[in-house]
Structures are given as structure tokens and as C-alpha cells.
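What follows is one structure encoded as C-alpha cells, with my remarks underneath.
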Amino acid sequence: MDDSVIVSPDWLAARLEDPGVAVVDVRDAWEYDGIGHVPGAVSVPFDSYRDETADDPGTLPGREAFEELLGEVGIEPEDTIVAYDDSNGVFAARFRLTARAYGHEDVRLLDGDFSAWNREHETESGSPSVEPTAYTAMPFSFAESPFVDRPGVEAAIEGDAVLVDTRDPEEYAEAHLPGAVRFDWRSTVDDETRRLKPTGELEALFADRGITRDREIVLYCNTARRISHTDAVLEALGYEDVSVYEGSLTEWLATDGEIETGSTA
């Protein structure tokens with residue numbers, strides 16, 4: 001597993017004193033304050049970095065809003081960000097993908113979540129003292145981000161790409177993009193440890209759905225959390241040709257996009 005994408009709790013514990021490492025807790029503020037958090041972590045709740053009314057695609061919050069958000073908690077563009085939640089990483093993965101959309105080069109996901117961290121490492125209460133920064137983000141660009149636009153998805157449908165639907169089985173059966181396979185992001189997580197399954201098991205899970213390194217991979221769903229998590233796992237495993245469609249299937253249907261129905265084995 002590539003630790004430039006997903007890091008273990010031990011990796012993070014060894015670097016908590018590093019001034020270039022910024023730990024971001026995306027749980028609700030009451031969880032951060034009332035339950036405790038990773039030492040030194042700053043609070044950036046999930047709802048603060050999503051906005052359906054912003055000009056950028058999907059729920060991306062917009063460049064200026066993202067700059068203000070990270071500047072308030074003292075993050076610099078050069079920092080190594082490690083994000084976590086308490087939901088097996090799915091909300092934190094969305095933060096990671098959002099940061100990548102605005103040009104932050106080094107942003108990683110904690111393998112597991114707060115509960116996994118809490119089993120082996122200390123936590124703290126209270127908020128750390130931070131010095132606000134003038135954080136500068138890049139404007140959103142399809143060409144410079146992991147995202148693909150509607151024409152890109154249409155081209156993928158016509159080509160040899162594998163389209164990956166991360167929604168629930170009932171949603172998939174009702175309607176999905178032509179040729180899409182369904183993948184459950186939760187299948188990548190070990191229920192007991194709350195961390196990702198071993199590499200070999202992950203590889204087998206993807207291969208079973210036809211998701212292989214020799215094909216272009218396009219991820220989509222109706223909640224960007226699920227594709228964000230799958231994107232992070234694929235990247236950590238070394239899959240290189242992976243993109244994310246930020247528009248939901250609901251938006252696709254609203255513009256009379258081609259679909260299929262029914263379930264797969």
C-alpha cells in the first residue's frame with residue numbers, strides 16, 4: 001500500500017511532531033470536542049467543504065471557500081495533510097479528493113478511522129493553537145484534477161473503459177450507466193480492524209468486477225464520499241488511469257443520458 005496516499009496509524013504517530021504534517025479531523029465538531037481527537041488535529045467538519053450551490057462541479061465548495069477553510073486552521077500548501085473520520089475513512093476520503101481538486105499535492109488518508117487510531121494510540125481533547133495562514137489554492141480544472149466531465153464519461157462509455165458504480169444494489173438495479181459494474185466500497189474494509197483489507201484481497205475484489213490496471217477506470221455515484229474512498233484505494237494500489245465523475249447519476253438522468261437497468265451477478 002502506497003503511503004503517499006494512505007498511511008497507517010503507526011506512520012502518523014511517528015510524525016505528529018513534524019511541523020510539516022497537518023492532521024485534519026472531518027467529524028462533526030461535537031465529536032472532535034466531546035470524544036477527543038488525534039493529538040494536534042484540527043477540525044474541518046465534513047459539511048464545511050461541500051457546497052451544492054458553488055460554481056464548481058458537484059459539491060465542490062469553490063476555490064475561495066476552500067482557501068478560507070484551510071487558512072483558518074493554519075494549513076500551508078506545502079504541508080502533508082492526513083485526514084481521518086470515524087466512518088472507515090469514507091468522509092475523510094472526500095476531503096482528500098476535494099483538496100486534490102484545488103491543487104494540494106500531498107494529502108493522504110489515514111488507514112482506518114478514529115476508532116482504529118484510539119485502539120493503539122493516545123488522543124487528546126481541546127483545540128490546538130494554530131496560526132492562520134493565507135492559504136492559496138489552484139482554480140478547479142478538469143485537466144489538472146482527478147475529475148472527468150460529461151463528455152469524458154460519454155467517451156469512456158464508447159471506449160474500453162470500465163465504469164464503476166459505487167451506489168447501493170437497489171440504486172444500481174434501478175438505473176446505471178451503460179456497461180457499468182457495481183462495486184461496494186465497504187467490501188475493502190475489515191469490519192474487525194476497521195482498516196483496509198490486505199493488498200491481495202483488495203486486488204481480488206477489484207479484479208472480480210473487471211477493474212484492472214490495463215483499463216481506464218471511471219468512478220461515479222450519487223454521494224461523492226463513496227467514489228472518493230474507492231479512488232484513494234485504487235491509487236494506493238498503483239492503479240494509474242482512474243478518474244471521477246463529479247456529476248451524480250441523478251444529474252445524468254435529468255439530461256436524458258443513456259442508462260441501463262437491472263443487476264449483475
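One table, with the values for the structure above:
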item	result
Residue that is nearest to Phe114 (Cα to Cα) [pool: residues in the stretch 141-164 that are part of a strand (DSSP E or B), in contact with an Asp or Glu (Cβ under 9 Å, 6 or more places away or on another chain) and in contact (Cβ under 8 Å) with a residue 60 or more places away in the chain]	Phe147
Residue check, Ser228 part of a loop (DSSP other than H, G, I, E, B) and in contact (Cβ under 8 Å) with a residue 24 or more places away in the chain	no
Criterion (modelled with pLDDT of 95 or more and within 19 Å of the chain's Cα centre (by Cα)) met by exactly one of Val148, Val107	Val107
Candidate set: the stretch 110-129, residues that are part of a loop (DSSP other than H, G, I, E, B) and within 14 Å of the chain's Cα centre (by Cα); chosen: the one surrounded by the fewest Cβ atoms within 10 Å (Cβ to Cβ)	Asp113
Members of the stretch 50-105 that are under 22 Å from Ala143 (Cβ atoms), touching a Leu at 6+ places or on another chain (Cβ under 7 Å) and not in a loop (DSSP other than H, G, I, E, B)	Arg96, Thr98, Ala101
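The values are calculated or read from the model by the stated rules, or taken from the named source; none is laboratory data. All values derive from a computational prediction rather than experimental measurement. Counting neighbours? That spans all protein chains shown, and the Cβs are built from the backbone with ideal geometry, glycine included.
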